[in-house]
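The structure under discussion appears below in the form of C-alpha cells.
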Amino acid sequence: MEVGMTVLETEALTRRYGSHLVLDGLNLEVPAGRVHALLGPNGSGKTTTVRMLATLLRPTSGSARILGHDTVREAAHVKRNIGFVGQYHAVDPRLTGTQNLTMVARLNGYSARGARRHADDLLERFDLTDAAARQVHTYSGGMRRRLDIVAGMVVRPAVLFLDEPTTGLDPHSRNEIYRYVRSFVEEGTTVVLTTQYLDEAERLADTVTILDAGRVVATGTPDAIARTVGSGLDVVVLDPHRRGDVAAIVERFGGRPVDSPARDENAPLRLTFGFDGEPATLLPILRALDAEGIAVQDIGRRRATLDDAFLALTGRPTEGIPA
Ligand SMILES: Nc1ncnc2c1ncn2[C@@H]1O[C@H](COP(=O)(O)OP(=O)(O)OP(=O)(O)O)[C@@H](O)[C@H]1O
C-alpha cells in the first residue's frame with residue numbers, strides 16, 4: 001500500500017445511546033502508514049469511535065470506510081484487514097503465551113505447525129520468549145498488555161486499533177509498547193490509538209483528534225496543538241501565604257496564571273502559569289522573587305499536558321484524568 005493513500009475515512013460518524021449523543025458527526029481521514037491518536041478525557045467517546053471503526057458497534061448515522069470498504073455493509077471484508085486491541089485483556093489467562101498466540105493463528109487459518117512457528121517468532125520479536133511457556137495469569141501487567149498487542153498483530157493487519165494501549169503501565173512498559181507500535185508502522189501498518197495522555201500522542205502520533213463529549217475540539221499534528229497551548233511554568237514556594245506576591249511577579253515576566261488550587265495551608269504552594277519564555281528568563285524571575293524575600297523551593301518549565309490543552313481549547317478543566 002502506498003504511503004499517503006487514505007486507508008480510513010469517516011463521514012459524519014455519529015453514535016447515540018438513547019438521547020445521549022456520544023459521538024457527534026466525526027469526519028476523519030487517516031493516510032496509510034501513519035499513526036492517528038484520538039485524545040480525550042474519560043467518556044469523551046474514544047472507545048465508542050474505535051469500536052465503530054473496528055466493526056464492533058454500529059453507527060447511529062454517518063459512515064466509516066476502511067480501504068474503501070464500508071464498516072457496516074462490508075464488515076466481513078473490513079474485519080479481514082484490521083486488528084483490534086481493546087482496553088481489557090483478550091488473551092486467556094489459563095493458557096501460556098505460546099498457546100494463546102498459536103490459537104489466534106489457528107483461528108486465522110494457519111496450519112498447526114505454521115501457527116506454532118509464527119507464535120514462536122512473535123514471542124521472540126516482542127521479548128516474551130522467556131515467559132512463553134508460562135500461563136498468562138503469572139505475567140506482570142506490562143507483559144500481559146504486550147501479549148495482548150502481539151495477539152492483535154498475529155495476522156499483520158492493514159489497520160491496527162489500540163484502545164488505551166498503555167493505561168496503567170509503568171514507564172518502562174510504556175516505552176516498550178511505543179517501540180512495538182513504531183515497528184508495526186515501519187512495516188506498513190496504519191495505527192489508530194486512543195489515549196488520555198498528550199505526551200503519548202506527541203511521542204507516537206503523526207496526527208491527533210481531541211474529543212470533548214463526542215465533539216472534535218482540535219485536530220492536527222501534536223506539535224501544532226501543543227503550540228496553540230504554549231508551555232507552562234511551575235513555581236513552588238515555601239510560604240503558602242505569598243500566593244498574590246508570586247503571581248504578581250511572574251505575571252510581570254509574561255506568565256499567565258492558571259487556576260492552582262490551594263492544597264494544605266502549611267505545605268509549600270505550587271503555582272502554575274502559562275509561559276512561553278525562554279529558559280534564560282527564569283533567572284530574572286528567581287531574582288525578583290528573592291528580592292521580595294520569597295523562598296523558592298522549585299521553579300521549572302513544563303510541557304503542556306492534555307489538561308492544559310483541554311483548558312485552553314474548551315475553557316474548562318478535564319474531568320477524571322489521573323494525576
Ligand atoms: N452501551 C452503552 N450504553 C449507554 N451509554 C454508553 C454505552 N457505552 C458508552 N456509553 C457512554 O458513552 C460515553 C462515551 O463513552 P466512551 O467509552 O466512548 O468514552 P471514552 O472516551 O472511551 O472514555 P474511557 O476513557 O472511559 O473509555 C460515556 O458517557 C459512556 O457512559
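The C-alpha radius of gyration of the range 232-302, expressed as a fraction of 2.2 N^0.38 Å, stands at 0.98.
Rounded to the nearest 20 debye, the dipole size of the chain about its Cα centre is 1240 debye, using +1 on the Cβ of Lys and Arg and -1 on the Cβ of Asp and Glu.
Restricting the trypsin sites (Lys or Arg not before Pro) of the range 13-65 to loop positions (DSSP other than H, G, I, E, B) with no more than 10 neighbouring Cβ atoms within 10 Å leaves nothing. The charge dipole of the range 50-116, taken about its Cα centre with unit charges on the Cβ atoms of Lys, Arg (+1), Asp and Glu (-1) only, comes to about 140 debye. Rounded to the nearest whole Hz, the Karplus-based 3J(HN,Hα) values (6.51 cos²θ - 1.76 cosθ + 1.60, θ = phi - 60°) of the range 23-37 follow the sequence 9, 10, x, 6, 10, 9, 9, 10, x, 4, x, 10, 10, 10, 10, with x at glycine and proline.
Taking the charge dipole of the range 232-302 about its Cα centre, with +1 at Lys and Arg Cβ atoms and -1 at Asp and Glu Cβ atoms, the residue from G274, I299, V246 reaching farthest to the positive side is G274. Assigning unit charges at the beta carbon (Lys, Arg +1; Asp, Glu -1) and nothing else, what dipole magnitude in debye, to the nearest 20, does the range 73-229 show about its Cα centre? About 640 debye.
With distances taken between every two different alpha-carbon atoms, the range 180-265 has a Kirkwood hydrodynamic radius of 16.4 Å. Annotation note: chymotrypsin sites (Phe, Trp or Tyr not before Pro) in the range 169-255 located in DSSP loop regions with a Cβ neighbour count of at most 15 within 10 Å are F253.
Under 5 Å between amide hydrogens, built in the peptide plane, is the criterion, and for L8 it picks out V30, L67 among residues at least 5 positions away or on other chains.
Ordering E200, E176, E124 by the number of other Cβ atoms within 10 Å of each residue's own Cβ, fewest first, gives E124, E176, E200. Give me the Kirkwood hydrodynamic radius of the chain in Å, from all C-alpha pairs, to one decimal place? For the chain, the Kirkwood estimate is 21.9 Å.
Over the C-alpha atoms of the range 83-150, the Rg to Rh ratio, Rh being the Kirkwood estimate, stands at 0.93.
Read-outs: derived from the displayed coordinates by stated rules, not from any lab. Not measured: the values here are computed from a predicted model. Ideal geometry is used to build each Cβ from the backbone, glycine not excepted, and the neighbour counts take in all protein chains shown.
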